[in-house]
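Below is one structure; the comments refer to it alone.
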Amino acid sequence: MWSWVLHRITGVSIFFFLFVHVLDTAVIRVNENTYTEIIDTYKTPIIGLMEIGLVFCVLYHALNGLRVILVDFWSKGAKYQRQMLWAILTVFAIVFIAAAVRMLQILITHAL
């Protein structure tokens, strides 16, 4: 059940990110200076941490989505759903930790 809950939360989070991204990109057509000010606010460490959260959401949502597809469309999917969950969690942990470490290195380098 928690996998389902986290899948929904990450999906909603990604949706809100895309909504904000479309809005801030659309500002360039209205006023270029305002667009530049908005982009400058994104160059803070807090936003850098939020980007790591975005990677978490996208990566988990994508991998769990593949698992859901296999459960739905593979005849043996329901039988192996628990093993697939552990497999995607393992792949998720490895890739996310590597990405988060690299993003934190970049964040710290730019903060100094």
Rounded to whole Å², per residue accessible area for the chain with a 1.4 Å probe reads 75
Of the accessible area of the chain, computed with a 1.4 Å probe and all protein chains kept, carbon and sulfur make up a percent value of 73
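Kyte-Doolittle cut-off 0.0, length cut-off 27 Å along the helix's own axis using Cα: show which whole DSSP H helices in the chain pass.
Numbers: long enough: 2-30 (42 Å, 1.34); 45-73 (42 Å, 1.62); 81-111 (43 Å, 1.47).
Within the chain the helices that satisfy the rule are 2-30, 45-73, 81-111.
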Cα extents of the chain per principal axis, largest first, Å, are 56, 33, 18
Per the charge dipole of the chain (beta-carbon charges, Lys/Arg positive, Asp/Glu negative, Cα centre), the residue among 91, 61, 49 reaching farthest to the positive end is 91
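The values are calculated or read from the model by the stated rules, or taken from the named source; none is laboratory data. A quick note: this is a predicted structure, and the numbers were derived from the prediction, not measured. Note: ideal-geometry Cβ built from the backbone for every residue, glycine included; neighbour counts use all protein chains shown. The protein model used for the area step is the full one, side chains on, heavy atoms only, and it has no ligands, DNA or RNA in it. Shrake-Rupley method; radii C 1.70, N 1.55, O 1.52, S 1.80 Å.
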